[in-house]
Amino acid sequence: FNVANALAAASIGIACDVPLPAIQHGLQSLPGVPGRMERIDAGQPFAVIVDYAHTGDAVRKALAVLREVSIGRLTIVAGAAGDRDPGRRFGVARAAADGADFAVFTSEDPRSEDPAAIVREIASHAESAGRVRDQDFIEVEDRREAIGEAFRRAEPGDIVLICGKGHEQSMIYGHEVRPWDDRTVAREELARMGFRGA
């Protein structure tokens, strides 16, 4: 995703006769986009990536990009929002089933719906895609616990992708908006494991 944007920016620079070294310097000095393939590094021996991907297509693309650089297992922590198109649940489950080695299905803005029911529905779609419960995926309704569980299962060289929330800083339960940030929670869960900084 970021590569496509960088190529577009470079093309515009070339069209405007910007010298190539200036284009290269500009691209190299750009900070990453918060919550978009954002790496969380606390010195752990596995990679942690937070991404906003929340549709089947976006999850599939994120997993494909990470698969290209993965030297170990690729684990995804994913859910689907409540009071939104239920078809997204199928898409996220299918993308996880096709692209990840292991999935932890969890809550993501359940709104007025039962969070456990959403997670069960996603899991049932993964089973329909041929994945086996407890072997290929687990259900952990509490998102913090899901992230921690994914980390505890990770081995050196693995990648854990936490998707669906990205840069967002809240989670919605019913009419209550609760503070939440996947990046902060990831750092906290890594710290619980003894990883406190690179």
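In the stretch 1-53, which residues are at pLDDT 90 or above, within 21 Å of HIS167 (Cβ to Cβ) and not charged (D, E, K, R)?
Matches in the stretch 1-53: PRO34, GLY35, MET37, ILE40, ALA42, ALA47, VAL48, ILE49, VAL50, TYR52, ALA53.
Determine which member of the set ASP158, ASP182, ASP109 is in contact with a Ser or Thr (Cβ under 7 Å, 6 or more places away or on another chain) and surrounded by 13 or more Cβ atoms within 10 Å (Cβ to Cβ).
Values: ASP182 fails: in contact with a Ser or Thr (Cβ under 7 Å, 6 or more places away or on another chain); ASP109 fails: in contact with a Ser or Thr (Cβ under 7 Å, 6 or more places away or on another chain).
One residue alone meets the criteria, ASP158.
For every residue, the table says whether it meets (1) of a type outside the set (Asp, Glu); (2) assigned by TED's automatic domain parsing to the domain that holds VAL185; (3) in a loop (DSSP other than H, G, I, E, B); (4) farther than 16 Å from ASP51 by Cα.
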residue	(1), (2), (3), (4)
ALA81	yes, yes, yes, no
SER107	yes, yes, yes, no
VAL119	yes, yes, no, yes
GLU141	no, yes, yes, yes
PRO156	yes, yes, yes, yes
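Applying the selection to the stretch 158-190, what residues are in contact with a strand residue (DSSP E or B) (Cβ under 6 Å, 6 or more places away or on another chain) and in a helix (DSSP H, G or I)?
ASP182, ARG183, ALA186, listed by residue number.
What do you reckon, is ALA93 assigned to a helix (DSSP H, G or I), within 15 Å of the chain's Cα centre (by Cα) and either modelled with pLDDT of 95 or more or hydrophobic (A, V, I, L, M, F, W, C) (or both)?
Judged against the criteria, ALA93 is a match.
Take the residues in the stretch 122-139 that are outside any loop (DSSP other than H, G, I, E, B) and either out of contact with any strand residue (DSSP E or B) (no Cβ under 9 Å at 6 or more places or on another chain) or basic (Lys, Arg) (or both); name whichever of them is farthest from VAL92 (Cα to Cα).
Looking at residues that are outside any loop (DSSP other than H, G, I, E, B) and either out of contact with any strand residue (DSSP E or B) (no Cβ under 9 Å at 6 or more places or on another chain) or basic (Lys, Arg) (or both), I get ARG133.
The values are calculated or read from the model by the stated rules, or taken from the named source; none is laboratory data. Keep in mind the model is a prediction, meaning the values are calculated, not measured. Heads up, the Cβs are rebuilt from the backbone with ideal geometry, glycines too, and the neighbour counts pull from every protein chain shown.
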